[in-house]
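Beneath this line is the structure, given in structure tokens, with notes to follow.
The values are calculated or read from the model by the stated rules, or taken from the named source; none is laboratory data. The shown structure was predicted, so the numbers you read here are calculated from the model rather than taken from an experiment. Heads up, the Cβs are rebuilt from the backbone with ideal geometry, glycines too, and the neighbour counts pull from every protein chain shown. Ligands, DNA and RNA are stripped out before the accessible areas are found, and what is left, the full protein with its side chains, is counted by its heavy atoms. Shrake-Rupley method; radii C 1.70, N 1.55, O 1.52, S 1.80 Å.
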Amino acid sequence: MAERSHAALTAPQRRLVFVVTEDWYFCLHWMNVALAAQRAGYRVTVLTRVVDDGDRIRSAGFELIPIDLRRRSSNPLRAVAGAVMLLRLYRKLRPDIVQHITVKPVIFGSLAARLAGVPAVVNTVAGLGYLFSSSDLAARCVRPLVTLVYRLALAPRRHFLVVQNHDDLAFFMRHAGAAKARARVIPGVGVDIVRFSPVPEPEGIPQVLMPARLLRDKGIFEFVAAARLLRQRGVSAIFSVAGDLDPENPASVSEQQLKAWKDEGIVNFLGWQSDMAPLLRAAHIVALPSYREGLPTALTEAAACGRPVVTCDVPGCREVVTHGENGLLVKPRDPEALADAIARLASDVALRHRMGLRGRERAERGFAIERVAATTLALYSELF
């Protein structure tokens, strides 16, 4: 491993291209890895849709090229245009490595990279998402086609697959023909364990925080239902959600539904937050009743802050939480089980403290950004 890391550190200005659908997603999840690559000598270029964070990406010293691979678009002509656009850019930029992040960059970018002769490709699938967690008819109909396309995208010998949990690795090996020798599990994108550091929990009524976008498959309906159940039982707790609507995602809650919840007054909706560390430290319990994840950054940040977690026994979430050790795992889509677990933690200060300590230890041991970045750089080195 030391030899591989040294090789990456001495890379002679190799060009590394990140391709991701949204600028906010790159900044939230991939900025630290890209900065580590830059420090290791890579020339970093970011291809993404630019909305609000273009200046932040440029100020980090990265070349930024706007592209448009909208997540929600199902127009086949737009899809073809996206692949052609990436093909032209790859031929112009002549990257040494391209890292595709999320579904559309993986699918269209892999085809473009193959035609452009890109020497090395890393396809990162950060969770299987809506298509594989939803029971909607549309998702179930599209799922086999997407699985087939994944198989084609992962076929070339110089294309590596990176997933964030072992369940997803097993899925891609079983259904999409991923070769074990060209696949890696890298646990998320890392957490800054200095910025996200523990402090004693605040006094007063237990605060329960759900840090997530307002998506059905994040478990937002179950969270609101659990808050309602606990109010009916007379359990004293304050429930808040830090996250916003995501109209580009088909699982997004509607504005009408959000207004109805606000009018009900059981849950506080805080909207999007640029700095989650103070909110996590102000919470007593962090809840994420998601149906499926890659490896949720929100939970690794909560663990780093020494907060106990209630989440679902599903891929991704159980990579962060061991039931009874640093949190509680519950059955997905089950508001009563979620309410019971929250009530248990809300009533037991000593249990929260013990689980918070174990969570911090796990974050330091397995999810620190330095570890994740080093593993990613070692993979880049291996590709050469």
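If you go through the stretch 325-347 and keep only what is closer than 19 Å to residue 364 by Cα and open to solvent by 10 Å² or more (accessible area, probe 1.4 Å), you end up with just 325.
For the stretch 226-246, give me each residue that is more than 16 Å from residue 274 (Cα to Cα) and charged (D, E, K, R). Result: 228, 231, 233. Of all residues in the stretch 302-325, those satisfying the criterion of being closer than 22 Å to residue 163 by Cβ and not hydrophobic (A, V, I, L, M, F, W, C) are 311, 313, 315, 316, 318, 319, 322.
For the stretch 269-293, a residue qualifies if it is open to solvent by 50 Å² or more (accessible area, probe 1.4 Å), modelled with pLDDT of 95 or more and under 20 Å from residue 216 (Cβ atoms), and exactly one does: 270. Among the residues of the stretch 280-293, those that are within 17 Å of residue 329 (Cβ to Cβ) and out of contact with any Phe, Trp or Tyr (no Cβ under 8 Å at 6 or more places or on another chain) comprise 285, 286, 288, 290, 291, 293.
Among residues of the stretch 55-79 that are open to solvent by less than 50 Å² (accessible area, probe 1.4 Å), those with a beta-carbon under 6 Å from a residue that is at pLDDT below 80 at least six positions away or on a different chain give the pairs 69/82. Kindly indicate the residue of the stretch 1-21 that is at pLDDT 85 or above and either of a type in the set (A, V, I, L, M) or in contact with a Leu (Cβ under 9 Å, 6 or more places away or on another chain) (or both) and also farthest from residue 384 (Cα to Cα) among those meeting that condition. In this case the residue turns out to be 21.
Scanning the stretch 294-319 for residues that are farther than 19 Å from residue 334 by Cβ, open to solvent by less than 10 Å² (accessible area, probe 1.4 Å) and in a helix (DSSP H, G or I) yields 300, 302, 303, 304. Which residue is farthest from residue 270 (Cα to Cα), if the candidates are limited to the stretch 233-251 and must be exposed (fewer than 15 other Cβ atoms within 10 Å of the Cβ) and of a type outside the set (D, E, K, R)? Restricting to residues being exposed (fewer than 15 other Cβ atoms within 10 Å of the Cβ) and of a type outside the set (D, E, K, R), the top hit is 234.
Suppose the filter is crowded, with 18+ Cβ neighbours inside 10 Å, over 28 Å from residue 360 (Cβ atoms), touching an Asp or Glu at 6+ places or on another chain (Cβ under 7 Å) and modelled with pLDDT under 90; does residue 150 pass it? Judged against the criteria, residue 150 is not a match.
With respect to (1) assigned to a loop (DSSP other than H, G, I, E, B); (2) open to solvent by 30 Å² or more (accessible area, probe 1.4 Å), the lone exception for residue 196 is condition (2). Here residue 356 meets each of (1) out of contact with any strand residue (DSSP E or B) (no Cβ under 8 Å at 6 or more places or on another chain); (2) within 13 Å of residue 218 (Cβ to Cβ) with one exception, condition (2). Please work out which residue is nearest to residue 189 (Cα to Cα), limiting yourself to the stretch 251-293 and to residues that are in a strand (DSSP E or B) and not aromatic (Phe, Trp, Tyr). Among those that are in a strand (DSSP E or B) and not aromatic (Phe, Trp, Tyr), it is 288.
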